[in-house]
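To start, the structure itself, in structure tokens.
The values are calculated or read from the model by the stated rules, or taken from the named source; none is laboratory data. Computed from a predicted structure; not experimentally measured. Backbone-built Cβ (ideal geometry, glycine too); neighbour counts: all protein chains shown. Each accessible area value is taken on the protein alone, full model and side chains, heavy atoms only, with ligands, DNA and RNA left out. Shrake-Rupley method; radii C 1.70, N 1.55, O 1.52, S 1.80 Å.
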Amino acid sequence: MEINAKKFILIMKVNFGHKVVDTPIGEGIVLDPFLAFIYSAITGAGYLDNPLYPFTVKGLTKLFYNAMDYKFVTGLFDNTTLKNTPCQLAKAKEYLFSSKKIIIPVEFSTELELQSKLKKLIKASTDPATNYIIQRIEISKKGNGMEPFMEYLTCEIVKEEGFIVENQIPLTHSTGSPDFGGYRLKDATLIIPNKIHLLELSLLRLGIEKGLKKEDRDWLLVGEAKTSTNEVKKQLDKYLKTGLFNEGLEINPSKLKAASSYTSLLTIGDDYRIKVIRKEENRDYVDPEKQSQYIEWLMNYVKYYLIANLTNDEFIAYYLKITKHPISSQEDVISFVNKLSYKEIIDTIKGVIENGTIK
Amino acid sequence: MAQSSDEIVKREIIDKIGVEFNGLQLMVFPESSDADQIPFGDEGGLTFGVNGTLYGSCDACWVIKQPWKNPYNNKIVQYTPVVALEGTDALNRGSSGNAQYQRFHHALGAVKAGLIGVYYLRKGVHKIQEDLYGMAFNATQVEKGTYLIIDNLDELKLLLSVIHDGSELKDFIEQKMKSMQHVFKEKFDRIYGNWGKFGEERSTLIYDKYVIKYSGRMRRNFTDGSQRAGHIAVGEMFLTKYYFPGKHVFYLWPKMTQGDVDYLDAHKMDDKEWRILRNEDGVSIVTIDDLENVPLVVKKELKQIADEPLKGDALRVFNRDVDIIVNGLRRGIIVLKSQLGKNIN
């Protein structure tokens, strides 16, 4: 299935029950501002703050270069400073969480054509243009450039099974960056929300509410999305051979059968319903020792997204309160956050929400 | 993946200057698009050049609605580009040395086409190499347009605000040129003092009518897309060209043969960087095969390390053999044949 604007609307409506509305340049889907924020972060779809280069969250909220390592990329943190947290972004761009958003899929062949359509939308709309998020559909590209959209769909479907999910996950330089990761962490269960996108953990302060689901077993998923080619086996095998993951997931809207008997498939049927076809073979790729180390790292990884509910000043105050000395390096930050428990972090977040400060 | 350098720069431009400013319209395209890669025209494009040779793509361009004849392909287009900008966050990403040169040629295309080209290096952990200021200053003296190196967008905004005012623009450019020349000269005088010392330190032999710049380039630098050495080669070529205006530049790659160059000509003529190296006025690529009287043992050793990155033993061998070649050239024992077959030493 090649996803065009019409199919985009149907997929979102049929699978998630989202409301469809008319806009001056075609139909759009209504999302609450939290989900819209996650949508932008995963797909790169931009808020229409200008017609040339709409603002997207994608890439702003990343954390580490690689798994099993604690070296920051410039994203959530910039050196030792909390930088692009959703809370900071919300202060800088009030429109992000001010109201519901409409995702409009816009087909185009050239960039100038797209810019012209967006200028028309801005001119014709009575609502603030930043209420619109533009989903690019590049009909000149094979697959229409819709792989990030498939990553979004995968996140939305898989998280309901009790996973913390994310796209473009850190792994290693040599293995590359898988398109999708799903983490069921039994030791985090009932303490922090699961059935959640990783970035949503940073939205607690902004009012997002997410449920807790008990999980008895760790289960780690890795996925790779394709819309323009069916060649995915080699990449998935590479990820599975790391010994870190229990299951590989092929993500492809056009396939009916997975590339191999030992990987699962997420696809879209002719009825626009997302289907997950579980692997036929229960092949065990896990190296228990390596996976254990990865899970330990993931348990810490998640903490930073919780910490991102704090402002930088609050974080500094929190650090000072516990350690009694100022932050002098990234290693200080890493050592501090890794030692915190989830309960301590969540209690701190609740404290600043109630008291407005670190006590 | 975290935001790329280009994404950060483009977003910063939009936030600081907006999509329209002082009668100028901004042209910019998303990271995921390749609309910037085509020649500037009515379908988009942020790549400039002259006489059929394109230089790298820029990140942003300010235009006015007025017909313009593109000197790359002589096509008349609806918009006149006024300022073209190539931006980078390299100073925050580990680029402390000659890696900073690798995008110099992107804005150079606009300068050759007669525009104001800007190379914007966001302030960061590392400083801007003073060489860049010298390259831009000298390029402005010999090319049709103006080349500016900046590290903050306030300066860009000021440029755009005076762009329509002839005398204010002239003042701005003169001041900027003085400042760039000063930065370059101060470092040059401090580190080298004279061109002879520069040549010794910077792998350059200087003669009356030409210079020979030598480096350890290998074929793989231009065939392996993951390598930036090809880009850096272009940067170093332009550094040499603009430091020695009026002299012919022989860019000597002793690890490479004429066969390597022929291979690249046959397979990489669509590659912008290779095309620039091969077509730039006043520049000739020369290899070990263009040298006469090189000791056989030197030729053999260089052949053995032809595909080796320059580190460890390969670096030791290269340095030793290049010393022999350079001393030979200085003494007139080793001779560089011109591309026309005449001895030119």
* Structure fact -> If one compares the long axis through the Cα atoms of helix B:258-267 with the longest principal axis of the Cα atoms of chain B, the angle in degrees, nearest 10, works out at 30
* Which loop chymotrypsin sites (Phe, Trp or Tyr not before Pro) in the stretch A:272-348, with loop taken from DSSP, have no more than 12 other Cβ atoms within 10 angstrom of their Cβ? -> none
* To do: Mind checking the full-extension length gain between A:Gln330 and A:Lys234? Use 0.36 nm per residue of separation minus the Cα-Cα distance, one decimal, nm.
  => 31.0 nm
* Those residues of the stretch A:135-154 whose amide nitrogen sits under 20 Å from the label point placed on A:Lys6, 7 Å along Cα→Cβ -> A:135-146
* Between B:Asp289 and B:Arg330, what is the label-to-label distance in nm when each label sits 7 Å out along the Cα-to-Cβ direction? -> 2.9
* **Whole-Å distance, taken between Cα centres, linking the stretch A:212-240 and the stretch A:57-95** => 24
* Please sort by residue number the GluC sites (Glu not before Pro) in the stretch A:51-130 whose DSSP state is loop and whose Cβ has at most 14 other Cβ atoms within 10 Å. => none
* Mind checking which of A:Thr130, A:Leu118, A:Ala90 is farthest towards the positive end of the stretch A:90-139's charge dipole, using Cβ charges of +1 (Lys, Arg) and -1 (Asp, Glu) about the Cα centre? => A:Ala90
* Structure fact -> With label points set 7 Å from each Cα along the Cα-to-Cβ direction at A:Leu206 and B:Asn51, the distance between them in nm comes to 5.4
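Set the Förster distance to 22 Å, then compute FRET efficiency between A:Lys213 and A:Lys100 from the Cβ-Cβ distance, nearest 0.05.
The computed FRET efficiency comes out at 0.25.
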* **Alpha-carbon centroids, the stretch B:282-331 and the stretch A:101-156: separation in whole Å** => 54
* Structure fact -> Going through A:Lys117/B:Lys272; A:Lys210/A:Lys241; A:Lys58/A:Lys93 one by one, the pairs whose alpha carbons sit over 26 Å apart turn out to be A:Lys117/B:Lys272; A:Lys210/A:Lys241
* Asked: Ballpark to the nearest 100 Å², how much total accessible area do B and A bury together, probe 1.4 Å?
  -> 1600
* If Lys and Arg each add +1 and Asp and Glu each add -1, what is the summed charge of the other residues whose beta carbon sits under 13 Å from the beta carbon of B:Phe188? -> 0
* Between helix B:229-243 and chain B: long-axis angle, C-alpha atoms, 0 to 90°, nearest 10 -> 90
* GNM on chain A, C-alpha springs below 10 Å: top fluctuator among A:Pro148, A:Pro288, A:Pro54? -> A:Pro288
* **Among A:Arg136, A:Arg184, A:Arg278, residue whose mean-square fluctuation peaks in a GNM of chain A (springs only between Cα atoms under 10 Å)** => A:Arg278
* **GNM top mover of A:Tyr53, A:Tyr239, A:Tyr95 - chain A, alpha-carbon springs below 10 Å** => A:Tyr53
* Asked: Can you give the accessible area per residue of chain B, in Å², using a 1.4 Å probe?
  -> 44
* First measure r as the distance between the Cβ atoms of B:Val125 and A:Val276, then evaluate 1/(1 + (r/R0)^6) with R0 = 41 Å and state the FRET efficiency to the nearest 0.05. => 0.35
* Principal-axis tilt of helix B:166-191 within chain B, Cα atoms, nearest 10 degrees -> 30
* To do: Give me a single rounded figure for A:51-62: the average over its residues of other chain Cβ atoms within 10 Å of their Cβ.
  => 5
* How about the stretch A:302-347: which trypsin sites (Lys or Arg not before Pro) there lie in a loop by DSSP and see at most 16 other Cβ atoms within 10 Å? -> A:Lys324
* What accessible area, in Å² to the nearest ten, does a 1.4 Å probe give for B:Arg275? -> 80
* Structure fact -> With the convex hull built on the alpha-carbon atoms of the stretch B:1-150, volume per residue in Å³ sits at 107
* To do: Could you look at the protein assembly as shown and say what percent of its accessible area is carbon and sulfur, using a 1.4 Å probe and all protein chains?
  => 49
* So how exposed is A:Ser174, as accessible area in Å² (1.4 Å probe, rounded to 10)? -> 100
* Quick one: accessible area per residue over chain A, 1.4 Å probe, rounded to a whole number of Å²? -> 42
* Asked: Between the stretch B:1-78 and the stretch A:283-354, what's the alpha-carbon centroid distance in Å?
  -> 42
* Once both labels are modelled 7 Å past Cα along the beta-carbon direction, what's the B:Glu168-B:Asp189 spacing in nm? -> 3.3
* Set the Förster distance to 35 Å, then compute FRET efficiency between B:Val297 and B:Glu200 from the Cβ-Cβ distance, nearest 0.05. => 0.90
* Work out the length of the dipole vector of the stretch B:230-282 about its Cα centre, built from +1 on the beta-carbon of each Lys and Arg and -1 on the beta-carbon of each Asp and Glu, and round it to the nearest 20 debye. => 180
* Structure fact -> For B:Val283, the residues 5 or more places away or on another chain with a placed amide H closer than 5 Å to its own amide H are B:Val249
* Express in nm, to one decimal, how much length is gained between A:Asp69 and A:Ser174 on full extension, taking 0.36 nm for each residue of separation and deducting their alpha carbon distance. => 36.4 nm
* To do: Among B:Ile305, A:Leu320, B:Gly193, flag the residue with its Cα farthest along the positive direction of the charge dipole of the protein assembly as shown, charges on Cβ as +1 for Lys/Arg and -1 for Asp/Glu.
  => B:Gly193
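Where both partners of a DSSP beta bridge lie in chain B, what percent of those bridges are antiparallel, to the nearest 5?
On the way: 23 of 45 bridges.
Around 50 percent antiparallel, to the nearest 5.
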* Using unit Cβ charges (K, R positive; D, E negative) and no other charged atoms, how large, in debye to the nearest 20, is the dipole of the protein assembly as shown about its Cα centre? -> 460
* To do: May I ask which residue of A:Thr189, A:Gln168, A:Gly248 lies farthest towards the positive end of the charge dipole of the stretch A:152-252, with charges of +1 (Lys, Arg) and -1 (Asp, Glu) on Cβ and the Cα centre as origin?
  => A:Thr189
